[in-house]
Every structure is written in structure tokens, then in C-alpha cells.
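Comments concern the structure below.
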Amino acid sequence: MAKTIKNVLYILLWRLGVFAIARRLHKNQALILTYHGVLSKASDNYVNRNCVSAAMFDRQVRWLKKHYTVMPLSELVAAIRGEKPLPPYAAAITFDDGFLNNYSVALPILMKHNVPATIFLTTGYIGANGAKLWTERVDSIIYSSTLPRLKVQMNGQPVEFDVSSQKARERASDRIRSYLKSQNPEEREKQIIALERQIEQERNFIDEMDERYKFMSWEDAKVLAESGMELGSHTVSHSILSTLATDKLREELQDSKITIEEKLQRDCPLFSYPNGTERDFSPRDQDMLRKLGYRAAFSQVYGFNPPGSNPYALKRINIARSENFAYFLAKITGVWGLMKNLPGMK
Ligand SMILES: [Zn+2]
């Protein structure tokens, strides 16, 4: 069915009160949302897969706050595990991967509404390019440029670098960085700004790329924790668990947990499966999580979680790019799950 017709249908269902009825049907089943990125402005420059705009996120959080009991994920887990009662309309917000925009764009919105969230960190990527080291600035200029060549003044002579392929960009970055290492900070800054100027026309695009793909730093993660957000593990390298040998599996689950606990000085009892479809994790992986002291693990299988659900295979509802609010409501109320199986809705 065409997308616009579907959207009109969802708006109609909303007006008819179908979403309100569906929401009540899931009153005693926890709703857990998955986000990846929140971008300060929406753009058509590239496909913002798995991202929502700041304006849309604000509207969604406002709605959740008004119609649900938005709780810290660890408390929701305790209720699902039967350690305390599950409040009606319990919901939790989660973020996968650990992108900088969770900190720079989403956090202020969460704080404004006084709503908690959990961010699952891919620990091997945290701090990898979110830092403001000059070497990484140079790297990001070179890697994000779509120009075929870049010019750098070396010992007073202009030198041209081929940056038209991945290999060429790597070579150029290595040579430019090693040259700049030999320069004093003022000269170095001048050269980096000159590099940035060459790709000025692409500036907006690069800002957006940064906002979409940059990972946060451990400092950012610390601020998130101090602001009342929970930080969980999403492995070290974002490997799909079912593809790993058991030794490697233990390493991914254990090392990420220890790193988070050491860096943030707090427990890390929550885990989110990379990719997270039914194929991507097995009973072996759930056993390992339990043995290593994790209390719950979250998949990307669509659905709700009544108390007593397997805490190592909890379901979530993914919120991807959509500027259509009725579609969001269809997803979180469960109407979307019922309709996608109807003939003609594919
Ligand atoms: Zn992920």
C-alpha cells in the first residue's frame, strides 16, 4: 500500500479513537522504545535512517510523558522480573549505539521534560572520534570530503593530495598528519583551517554527517549518567552475537561491561543486542549474559513486555525516521503490529 495512503489511514484510525483503545489493551505490558539518533534539523541531503528530528523527538517525548509512566529502564526490568509491581502504562526510552547526538541533541529535550532514558554504548567506538583532538579533526575533514583532491602547504610549497578513494584518503591523512605533527601549534591550526576552507561549500553536509555519525566521548557519557540517564552495554565492536565463537562472545559482553563500570563508576546491568532480530541472539548468548551479571537484555523484536517475560529477550519498538506523528502512535500502541500482517498492508 502506498505510503501516503497508509499515513491517511493512520490519521483516520487516530481520529476514530482506535489508538486509544489499543493503548488500553497494552496497559499492563511494558512499552520500550528504541531510538538511535536525534538530529537538530531534518535534511534531505542524505538518508537519515534510524533518526528523528529534534522537533519530532520533542513531540514524541511530550506525548509519552502525558500518556505513559516513563520510568528508568532498570526499574521497569525489576517490575518485569516480578520484584515490584509494574505501574499501568509503563514505558521506557532507550538509545542504541552511543552517538554524540544522544548527548548534544536528545539530552536537553529529555531534561526539559524530566524524562529518563537508557543509552546503550558500543564501547569500542566511544571517544573514538568524538574527541576534539586535532588529528581527528584532520581525519574527519579528509574522510568527509567529496572533493577529488586537497591542497596543503608543506614547507612553503603547495602539495596536492589525491582523496578520491578510501585508500587515497588514508594515505593522505597519514602524510598530512605526520607533517602537521612537526609544525608548531599556530602553524598547524592555520593549515587545518586552510583544509577546512577547501571543503567550505560542503560544510553543512559535513556538520550533518558529524551530527549523525559521530560517537560520544566518555566525558559525554559521564554527563549523561550524572543527568540521571542509565548507560548500558551494546558490546565492544557491535558484533552480532550469534556469529561469534564463545570466547569472543564472552570478551564482547565482559569487556564492554567492565569498561562502562570503570569509566562511569557505576553498575552496568543492562544490555542491548546489536541488530537484535530473533536470528541475532541465542540461548547460549542469554546464558552468558546471565553468568556475567547482566540483569536484562533487549532485542529489536517488535512487541510489548508483560511481567514475567524472559528478561534476556525483551521486546522493543524501533522509532525510525518519520515525520508522521500518527505513524509513531500506530507503532507504540500496537496497531502497527496488527496491521502489518493484514493483506495489502505490506
Ligand atoms: Zn546498534
> Out of (1) at negative phi; (2) surrounded by 20 or more Cβ atoms within 10 Å (Cβ to Cβ), what's the single condition that is false for residue 276?
Replying inline: (1)
> Can you name every residue in the stretch 228-262 that is charged (D, E, K, R) and out of contact with any strand residue (DSSP E or B) (no Cβ under 8 Å at 6 or more places or on another chain)?
Replying inline: 247, 248, 250, 251, 252, 255, 261, 262
> Which one is nearest to residue 303 (Cα to Cα), of the residues in the stretch 229-285 that are basic (Lys, Arg) and part of a helix (DSSP H, G or I)?
Replying inline: 279
> Of all residues in the stretch 286-323, how many are of a type outside the set (D, E, K, R) and assigned to a loop (DSSP other than H, G, I, E, B)?
Replying inline: 20
> Does at least one position in the stretch 322-344 carry a residue that is more than 16 Å from the ligand (Cβ to nearest atom), under 21 Å from residue 64 (Cβ atoms) and of a type in the set (D, E, K, R)?
Replying inline: yes
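Residue by residue through the stretch 239-279, note down the ones that are under 19 Å from residue 315 (Cα atoms) and of a type outside the set (Val, Ile, Thr).
So the first thing to find is which residues in the stretch 239-279 are under 19 Å from residue 315 (Cα atoms), and the list is 240-242, 269-279.
Once the filter is applied, which keeps residues that are under 19 Å from residue 315 (Cα atoms) and of a type outside the set (Val, Ile, Thr), the stretch 239-279 yields 241, 242, 269, 270, 271, 272, 273, 274, 275, 276, 278, 279.
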> Could we say that residue 286 is more than 16 Å from the ligand (Cβ to nearest atom) and over 30 Å from residue 333 (Cα atoms) here?
Replying inline: no
> Which ones in the stretch 236-251 are buried (at least 19 other Cβ atoms within 10 Å of the Cβ) and farther than 17 Å from residue 279 by Cα?
Replying inline: 236
> Do we have residue 276 as under 16 Å from residue 34 (Cα atoms), under 20 Å from the mean Cα position of the chain (by Cα) and within 15 Å of the ligand (Cβ to nearest atom) here?
Replying inline: yes
>> Looking at 295, 316 in this structure, which one is closer than 19 Å to residue 122 by Cα, among the charged types (D, E, K, R) and buried (at least 22 other Cβ atoms within 10 Å of the Cβ)?
In response: 316
>> Kindly evaluate residue 176 against the criterion of being touching a strand residue (DSSP E or B) at 6+ places or on another chain (Cβ under 6 Å) and either part of a helix (DSSP H, G or I) or not assigned by TED's automatic domain parsing to the domain that holds residue 286 (or both).
In response: yes
>> So, in the stretch 101-116, how many residues would count as being within 15 Å of the ligand (Cβ to nearest atom) and either hydrophobic (A, V, I, L, M, F, W, C) or outside the structural domain of residue 316 (by TED's automatic domain parsing) (or both)?
In response: 0
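So in the stretch 51-66, with the set limited to residues that are buried (at least 17 other Cβ atoms within 10 Å of the Cβ) and either more than 18 Å from the chain's Cα centre (by Cα) or of a type outside the set (A, V, I, L, M) (or both), which one is nearest to residue 274 (Cα to Cα)?
If we take residues in the stretch 51-66 being buried (at least 17 other Cβ atoms within 10 Å of the Cβ) and either more than 18 Å from the chain's Cα centre (by Cα) or of a type outside the set (A, V, I, L, M) (or both), then 51 is nearest to residue 274 (Cα to Cα).
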>> I'm trying to understand the selection: among the residues of the stretch 2-25, which are within 26 Å of the chain's Cα centre (by Cα) and either at pLDDT 90 or above or among the aromatic types (Phe, Trp, Tyr) (or both)?
In response: 23
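The values are calculated or read from the model by the stated rules, or taken from the named source; none is laboratory data. Computed from a predicted structure; not experimentally measured. Virtual Cβ from ideal backbone geometry, glycine too; neighbours counted across all protein chains shown.
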